[in-house]
Amino acid sequence: MSMYRGTVRIGHFDCLVAIIVLLAPGCNSHSQSLQPFLATCKTDAEVSENDLAAVDKVAIDFVQDALGPNPEAAYSMFTADAKSNVSSEKFVAAFKQGIQRNGPFKELRAAHTYLAQVTGGTQEQRVVCGNVAKPESWVAVNAKPGLTQAHVIVEAQTLNNTWAFVTWLLREQGNWHVQYTQATITAMVGKNAEDLQRLAESEMHENHNLNEYILYAAASQLAARGPFLQIGIQPEIQKSLETLKPPPILQGQPPFNWQLGKLSFKVLNVGPIGVSQKIYLKIDHEIEPWANDKDADKKNHELISAFSSSYPEYKHAFAGLVVTAHERGGMRGYGTVSENDAATK
C-alpha cells in the first residue's frame, strides 16, 4: 500500500484529460454555406516536402515556445484575429498554470499535418482529409475559403501520457501564423481512444456496466481534438457512450452523493488515470478538515473498502484505486493508492 500527497482535480472524468482552448470567436465550427464551393485536403506525405517542412517547423516552434520559460514568444505567432480575442496575459497564464505543470514534455514531433483548401463560398467549411472508408484513417477540419491553411497535430510525451497540441495555421503576408490552439491528452500509458474503446466493449460483454461507462467516457475524451478538427473514430465512440445509461452512482452531475453500505461519501470526480504503465481508477472525494494525515488516510480506506465491496467488477478493468481526500473549505489533499492483489491492467 502506498500513499502520496497532492490533488488532481480537473472535472468529471477529466482527471486524465487537461484541455486548453484558445480561439478567435470569429471561427465557426458548424457554419454552412448556400454558395457552391470546392474543397481539397492533402495529408502528411501528400503535402510537398517544402510545405510540410515549413508548416511543421512553425507548429513545433510554437509549441516549444508555449512550453518554455517565455510563452510570450508563442503568443507573438498568433494571427491578428486571434490576438484581438485572446490577451497575452491569458495565454501565458493558461500555459504556465494549466499545462506546463504537467511536464516535462519530451519528444515533440509533428504527428499529422493537413493542408486544406476551400475555393468559392464565403464561410468556413468542414473538409474531410484521408480515406473516409476507414474511420481510423480520416479527419475533418475547418477551412476558411480562399486562404492557405494547415492543421498540425504536435505530439509530446510526459511521464505517463501522450499530449496533442492541435494548431490551426493560416498563411498571412507570406508567413505562417497560428489562429487556434488546443492542448489535450490523447493517450495514457500508451493506450489511446481506440484502445479504451476496445476495453469498454470487452467490459460490455462481461456485463460490467460501471467499467464500460467509465471507459467509454474516457475514450470519448481521448478522441477529442477540439471544435475544428475531428478524428474519424470520435462519432462512433460518442454514439456508443450516448446509448449507455450511466450507473446509479454516476447519474446526474458531480458532486455525487454515494451511499455505499452504511457509509456515505461526497464524490467530486471519477475517471481513469495512467500511472507506471497501468490504468487505475481515480476517485476524488471531499471530507471535513483533518488534524492528522492518518485521519485522511482512514477516510480514503473507508471509501476504498466500501467501493470495492459494492463494485468488485472494477478490478477486471483497473489495476487499483487512487483515492484522494480533499479538505472541505480548504486546499489540502491527501491520496491513497490501493493496488489490486494481482494488478495487471
> Does any residue in segment 131-146 that is free of Cβ contacts under 8 Å to residues at least 40 places away in the same chain and among the charged types (D, E, K, R) come within less than 7 Å, Cβ to Cβ, of a residue that is assigned to a loop (DSSP other than H, G, I, E, B) and open to solvent by less than 50 Å² (accessible area, probe 1.4 Å) six or more places away or on a different chain, and which pairs are these?
Replying inline: 144/124
> When residues of segment 300-309 are filtered for being farther than 14 Å from residue 326 by Cα and open to solvent by less than 10 Å² (accessible area, probe 1.4 Å), how many remain?
Replying inline: 1
> Within segment 204-219, how many residues are buried (at least 22 other Cβ atoms within 10 Å of the Cβ), touching a residue at least 60 places away in the same chain (Cβ under 8 Å) and acidic (Asp, Glu)?
Replying inline: 0
> Tally time: how many residues in segment 220-254 are exposed (fewer than 14 other Cβ atoms within 10 Å of the Cβ) and not acidic (Asp, Glu)?
Replying inline: 8
> Within segment 82-111, which residues are surrounded by fewer than 19 Cβ atoms within 10 Å (Cβ to Cβ), touching a residue at least 24 places away in the same chain (Cβ under 8 Å) and touching a helix residue (DSSP H, G or I) at 6+ places or on another chain (Cβ under 7 Å)?
Replying inline: 100, 103, 108
> Do we find that residue 183 is touching an Asp or Glu at 6+ places or on another chain (Cβ under 9 Å), in a strand (DSSP E or B) and crowded, with 21+ Cβ neighbours inside 10 Å in this structure?
Replying inline: no
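For residue 297, indicate whether it is touching a strand residue (DSSP E or B) at 6+ places or on another chain (Cβ under 7 Å), among the acidic types (Asp, Glu) and surrounded by 18 or more Cβ atoms within 10 Å (Cβ to Cβ).
Details: touching a strand residue (DSSP E or B) at 6+ places or on another chain (Cβ under 7 Å): yes; among the acidic types (Asp, Glu): yes; surrounded by 18 or more Cβ atoms within 10 Å (Cβ to Cβ): yes.
Yes, satisfied.
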> Quick check: anything in segment 55-64 touching a residue at least 40 places away in the same chain (Cβ under 8 Å), over 16 Å from residue 168 (Cβ atoms) and under 20 Å from the mean Cα position of the chain (by Cα)?
Replying inline: yes
> Any idea which residue in segment 260-286 is surrounded by the fewest Cβ atoms within 10 Å (Cβ to Cβ), counting only those that are farther than 23 Å from residue 319 by Cβ and touching a Phe, Trp or Tyr at 6+ places or on another chain (Cβ under 8 Å)?
Replying inline: 264
> Is one or more of the residues making up segment 94-102 under 20 Å from the mean Cα position of the chain (by Cα) and basic (Lys, Arg)?
Replying inline: yes
> Within segment 318-341, which residues are assigned to a loop (DSSP other than H, G, I, E, B) and either surrounded by fewer than 21 Cβ atoms within 10 Å (Cβ to Cβ) or touching a Ser or Thr at 6+ places or on another chain (Cβ under 8 Å) (or both)?
Replying inline: 319, 328, 329, 330, 331, 332, 340, 341
> Here are some conditions: (1) surrounded by 14 or more Cβ atoms within 10 Å (Cβ to Cβ); (2) at pLDDT 95 or above. Residue 123 meets all but one. Which one does it not meet?
Replying inline: (2)
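The values are calculated or read from the model by the stated rules, or taken from the named source; none is laboratory data. All values derive from a computational prediction rather than experimental measurement. Here Cβ is always computed from backbone atoms with ideal geometry, including for glycine, and neighbour counts include all displayed protein chains. Calculation scope for accessible area: heavy atoms of the full protein, side chains included, ligands and nucleic acids excluded. Shrake-Rupley method; radii C 1.70, N 1.55, O 1.52, S 1.80 Å.
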